[in-house]
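What follows is a single structure, written as structure tokens, with notes after it.
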Amino acid sequence: MQTNKMTALITGASRGIGLATAECFAAAGYDLILTCRSSIDALQKTAARLQAQNHISCLALQADMGREEDVLRLFSSIDRLDVLVNNAGIAHIGLLTDLTADEWHRIMAVNLDACFYTCRAAIPLMLKNHCGKIINISSVWGTQGASMEVAYSASKGGVNAFTRALAKELAPSGIQVNAIACGVIDTSMNDCLTPEDKAALTAEIPADRLGLPEEAARLILQTAQAPAYMTGQIITIDGGWY
């Protein structure tokens, strides 16, 4: 349990890795601000449960993190922030030649632009205390690239470069910036995969299974509590896949 109460903002917290991360941080004693784009009723119930179970403050807010105006509105009500977890993200599977410009821009907005919007707003809050942790949720496809997922891979490659560059910019100010590059985690984002697809992926992974959201969440918490000298890292959790 944290001895000094800290506040963490977790985006995309209504399900999957975001929800598991909210539960993990709540158990560790953090006050929480949670966002989602559309599942606000479910997220409000989650916030109420986490608040009651862990004796923390937990606020659920609806915001499209890929829209600058939504992020500005979100941060207008935040006066302290110790940890930012940029988890909101979307995937798209299909041939590049079938991808529309609107789909491309939407993927970039949610997966990459959102990191810019949130970090730009969070940095002044962290500078007040000359410390802070920014954790961007990336993917192994950001370094390896994936056929049929060109836009998603490009967006996560951008997240990785963004993370490394911003870490260098903020290191003198005592703010750490790292990314978690996830392999195949068993969340609803992968519901588009057939059982045969999942079996084929599992066969490629040395750990012989998909990752659990709770495992990613524990790594995110550990990164938030890591020594200040750890910054600019792309930390992979993929069962030995890459």
Sorted by chain and then number, the residues having a modelled amide H within less than 5 Å of the amide H of Ser139, at least 5 places away or on another chain, are Cys182
Give a quick list of trypsin sites (Lys or Arg not before Pro) in the stretch 1-90 that DSSP marks as loop, anything other than H, G, I, E or B, with at most 13 other Cβ atoms within 10 Å.
Lys5, Arg80
Please provide three numbers in whole Å: the alpha-carbon extents of the stretch 1-98 along the principal axes, with the largest listed first.
53, 26, 23
Reachable lysines, given that their alpha-carbon falls under 24 Å from the alpha-carbon of Lys156 and they are not under 8 places away in the same chain
Lys133, Lys168, Lys198
What aspartates and glutamates could a cross-link reach from Lys5, if we take a straight Cα to Cα line under 19 Å and drop same-chain neighbours fewer than 8 places away?
Glu23, Asp31, Asp79, Asp82
With everything on Cα atoms, drop me the angle between helix 40-54 and the longest principal axis of the chain, reported from 0 to 90° to the nearest 10.
50
Measure off, as a whole percent, the carbon and sulfur share of the 1.4 Å-probe accessible area of the stretch 190-242, all protein chains present.
56
Given H placed on each backbone N at 1.01 Å, which residues far from Ala60 in sequence or on other chains put an amide H within less than 5 Å of it?
Leu34
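Please compute the contact order of the stretch 100-164 in relative form: average sequence separation of alpha-carbon pairs under 8 Å and at least six residues apart, divided by the residue count, as a percent.
Numbers: 47 pairs, mean separation 25.0, N = 65.
So the answer I get is 38 percent.
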Percent accessible area from carbon and sulfur atoms, the stretch 1-42, protein chains only, probe 1.4 Å
46
If one compares the long axis through the Cα atoms of helix 114-127 with the longest principal axis of the Cα atoms of the chain, the angle in degrees, nearest 10, works out at 20
Within the stretch 90-123, whose backbone N sits under 20 Å from a point 7 Å along Cα→Cβ of Glu68?
102-123
Relative contact order, percent, the chain [alpha-carbon distance under 8 Å, six or more residues apart]:
19
Sorting check: for 81-87, 187-193, which peptide has the highest mean count of neighbouring beta carbons within 10 Å, and how do the rest follow?
81-87, 187-193
The chain - Rg and Dmax from Cα coordinates, angstrom
17.1, 53
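The values are calculated or read from the model by the stated rules, or taken from the named source; none is laboratory data. Fair warning: this is a prediction, and the values are worked out from it, not measured in the lab. Methodologically, a virtual Cβ is constructed for each residue, glycine included, from the backbone with ideal geometry; neighbour enumeration extends over all protein chains shown. The protein model used for the area step is the full one, side chains on, heavy atoms only, and it has no ligands, DNA or RNA in it. Shrake-Rupley method; radii C 1.70, N 1.55, O 1.52, S 1.80 Å.
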